[in-house]
Every structure is written in structure tokens, then in C-alpha cells.
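Working notes, structure below.
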Amino acid sequence: MKVIVTGGAGFIGSALCRYLIQSTEYHVLNIDKLTYSANPASLAEIADNPRYQFHQSDIGDLAAMQSAFTSFRPDAIIHLAAESHVDRSITGAGEFMQTNILGTFTLLEAARNYWQSLPQDRRDAFRFLHVSTDEVYGSLGADGLFHETTPYDPSSPYSASKAASDHMAIAWHRTYGLPVLISNCSNNYGPCQFPEKLIPLVYLNALHSQELPVYGDGSNIRDWLYVDDHIRALHHILLKGRLGEKYNIGGRNERTNLQVVQQICTLMDEFHPERAPHTDLITYVQDRPGHDQRYAIDAGKLENELGWQAAESFDTGLRKTILWYENNRSWWQPLRDRTYAGERLGLINDDPNSQSPKI
């Protein structure tokens, strides 16, 4: 099988590329624009594999996408390329609209044109897996879970842009017959995650004895999914999923943000006892605008229909993650030095003239 992975130099995308090269016989073409959060170092262990190719390009460039389809001749697309950090979407929504909505539209059109040119047997086998987020569903109360039938209710520019791309993907299936599948995952964590996200940010700040910022009172709840479990789920959906269907992917690991930070502090006390207790570094900061209170996924459809199960608990996955960052300073240090030093993002400037749209 030949598979195009978009956004394959990002956190989840690089894990997917590594998995497909190391655990299958697939040929992989990684298409990535190489924005600030992409890191080619995450792909070093497969970069020289003859079944792996990399193409630096923007998914919004129709000519480039058509050329990639024509030359590589894929059997499947796994579309992960997206702007993904909620805080950045609050102060820079234009880039999210451009990539997540218009970029997905362009990719869908390129895929449709290519798919329609295939002989019937290859048309029947072709798949377009659109990878999305549970944030499109909005916020849960104290009870209940997100199901595939939960109405969309996005709260941030990021989640709104992903909701729009989900709707386009399913519309291209219903209107044109493009063989689309959609996945919606909970919060991912694991090795090679850009340090603006909660777990690597808290780890790096703790390592450097800097404040550990907790939004609001830290009571917001997320369902945590180890990235390797997510990747296996995507492979299951690609091979076994029913066309036009959505599959929720969750780890059944609900934690408040404060509990996550405290658990990282416990591990840091173990690994760096000379600086304990790291909980002294916890600082409560102004909450994020539009901060959803709780996400929780019902992954029963994926588990029962396709036979997937998460392998990692949050305890085992978090320990693996922190140990990876402990042992891979050469991966994160350049990012910390040159790209993102841990500063607060996503605060709205009260001056309405201070922001200009970027479309």
C-alpha cells in the first residue's frame, strides 16, 4: 500500500510515519509545510528508509497536491496537517482558517480528482481518513461522554475550524462519493510533542525550576490518549472502518489539568529529588477565553466494531513520556532555545485595533 500522510513532521504525524514504516510494508509520502511546530528530527530514524519520502509543501497549494498525487499514486490519504494549538488560535485565527478549512478543501479536491481517474478496482480500495479532534463537540458537564452522534458545538477558533473541515470531509463523501472516514480523538501526549502543549511545557518548566502555569483553578478535565495508541487506532480505521462513518478515539483516562500537573511534579521529584517538591512551582494564572470544562470520549464504537483497545494507562504513558524527554534533550533543546521558550499564549489584547486578520 502507498499512503500519503499530511502533517507528518508534526507530533502525531511523525509518530504515524514511524509506525507505518517500522510496523508495516507500506510506502509513505509525508507532505508537510514545516511550520513552527514541525520537527524533521522526529523522523530521523526513518529518514533514510527507501519506503519513506518527504515532500515540503502546503496542502493549500492545489498544483503541488495534484502533482504529489500523480507522481506517488497513493492508495490512501491520512490527513493530519492542521494548525492545532487552541491558545494560538485565539490571537491568530486567520492561519487556522487558512490551513484547517481552505487547506482541507484543497486537499479534498485534489484527492477527488485523483480518485476519479483511477480504474474501478483502485477506486473501490481508495481511502481518505480525515483526522480530527473531540474539541468539535464543545464542553461536557460533570456527566456523560462524547459519542459519534454528539452535536457539534465548538468553542474556540481552532475547534470551529476543525468542525468545518469535518463537515466538508463528510460532504465530499455524500456529494461526490469520495471514500471518506473521520476520526475524532481526545488529548494526545507522548514523545516528540511540541513544548507549547501542557505536558511537555510543564516538564520543561519544572526541569528549569520555572513556574508551572495552571489555567483558572485547574479543574478543567481532559481524556488523555497516548500517541502510539492513537496511531494504532488510525490504522484500524483505515483498514476496517465503514465509509462515511466517524470513529471517536479516547484513552478512558480523565484527569483534571491540576491532577496532570501534580502527577508530573511527582515524577520530577523522583527523577530530580534535589529540586523537590516541584509542586511549589505551581502557579494559577488567568484562564483561557472560552475554556471548555470537560472532554470525555466514548470509544465503544471503535473498540466493539474494529477491535481496538488502548494499551497505555495514563500512569504508564506519562512515565514513558517524561522519561523520553529526560533522555532526548537534543530533540527539545533547539525548540526551547529558538522557537518557543514557554511564554504564555492566547491572551486577548483589549485593544480592538491591535489585531489584524491574516487570511
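Derivation of every value follows stated rules applied to the coordinates shown; laboratory data play no part. These numbers come from a predicted model, not from an experiment. Cβ atoms come from the backbone with ideal geometry, glycine included; neighbour counts cover every protein chain shown.
Placing R0 at 45 angstrom, the Cβ-Cβ distance between ASP280 and TYR36 gives a FRET efficiency of 0.90 after rounding to 0.05. Projecting the Cα atoms of ASN100, LEU29, PRO154 onto the charge dipole of the chain (Cβ charges, centred on the Cα centre) puts LEU29 farthest toward the positive pole.
Relative contact order for the chain: 18 percent, from Cα pairs under 8 Å spaced at least 6 residues apart, divided by residue count. A simple spin-label model places pseudo-atoms 7 Å from Cα toward Cβ; at SER139 and HIS55 they are separated by 4.2 nm.
In whole Å, what three semi-axes, largest first, describe the equivalent ellipsoid of the chain built from its Cα gyration tensor (square root of 5 times each eigenvalue)? List each step's numbers first, then the result.
Working: eigenvalues 213, 98, 87 Å².
Equivalent ellipsoid semi-axes, largest first: 33, 22, 21 Å.
Computed from Cα positions, the angle between helix 11-23 and the longest principal axis of the chain comes to roughly 60 degrees.
Here's how it looks for GLU254: its modeled amide H is under 5 Å from those of TRP224, which are all 5 or more places away or on a different chain.
All alpha carbon pair distances within segment 35-108 were sorted into 5 Å bins beginning at 0; the resulting P(r) in whole percents reads 3, 13, 21, 22, 20, 13, 6, 2, 0. Reported value for segment 156-250: 116 Å³ per residue, from the convex hull of its C-alpha atoms. Taken over segment 210-359, the convex hull of the Cα atoms encloses 182 Å³ per residue.
A viscosity of 1.567 mPa s and a temperature of 4 °C, combined with the Kirkwood radius over C-alpha pairs in the Stokes-Einstein formula, give segment 245-326 a diffusion coefficient of 85 µm²/s. For segment 118-212, the equivalent ellipsoid derived from the Cα gyration tensor has semi-axes of 34, 19, 11 Å, listed largest first. In the chain, a dipole from Cβ-located charges (positive for Lys and Arg, negative for Asp and Glu) runs towards its positive end, and of LEU318, ILE59, VAL227 it is ILE59 whose Cα lies farthest in that direction. Listing CYS265, CYS192 from fewest to most neighbouring C-beta atoms within 10 Å gives CYS265, CYS192. Charged neighbours of ASN253, selected by a Cβ distance under 15 Å, balance to -3 (K, R count +1; D, E count -1). How are the alpha carbon pair distances in segment 1-148 distributed across 10 Å bins from zero to the largest one, expressed in percent? Pairs per bin, as whole percents: 11, 39, 33, 15, 3, 0.
Could you give the alpha-carbon Rg of segment 207-272 over 2.2 N^0.38 Å, rounded to two decimals? Walk me through the numbers before you get to the answer.
Numbers: Rg = 16.7 Å, N = 66, 2.2 N^0.38 = 10.8 Å.
Dividing the Cα Rg of segment 207-272 by 2.2 N^0.38 Å gives 1.55.
Among the listed pairs LYS197/LYS301; LYS2/LYS240; LYS240/LYS320; LYS2/LYS33, those with a Cα-Cα distance over 25 Å are LYS197/LYS301; LYS240/LYS320. Distances between every pair of Cα atoms in segment 98-150, grouped in 10 Å steps from 0 to the bin holding the largest one, split as 18, 33, 27, 17, 5, 0 percent. Counted by neighbouring Cβ atoms within 10 Å, the residues TRP324, TRP308 run from fewest to most as TRP324, TRP308.
Pull out the extension gain between ALA125 and GLU326, defined as 0.36 nm times the separation in residues minus the alpha carbon to alpha carbon distance; nm, one decimal.
Working: separation 201, 0.36 × 201 = 72.36 nm, distance 4.28 nm.
Fully extending the segment from ALA125 to GLU326 adds 68.1 nm.
When VAL28, VAL214 are arranged by Cβ crowding within 10 Å, least crowded first, meaning fewest neighbours, the order is VAL214, VAL28. What aspartates and glutamates does LYS162 reach when the alpha-carbon gap must be under 16 Å and sequence neighbours fewer than 8 apart in one chain are set aside? Filter leaves GLU83, ASP87, GLU95, ASP134, GLU135, GLU148, ASP153, ASP292.
When only the Cβ of Lys, Arg, Asp and Glu is charged (+1, +1, -1, -1), the dipole of the chain relative to its Cα centre reaches about 1040 debye. Between PRO74, CYS185, GLY138, the Cα set farthest toward the positive side of the dipole of segment 70-194 (charges on each charged residue's Cβ, about the Cα centre) is that of PRO74. Taking 0.890 mPa s as the viscosity and 25 °C as the temperature, the Stokes-Einstein diffusion coefficient of segment 58-145 based on its alpha-carbon Kirkwood radius rounds to 165 µm²/s.
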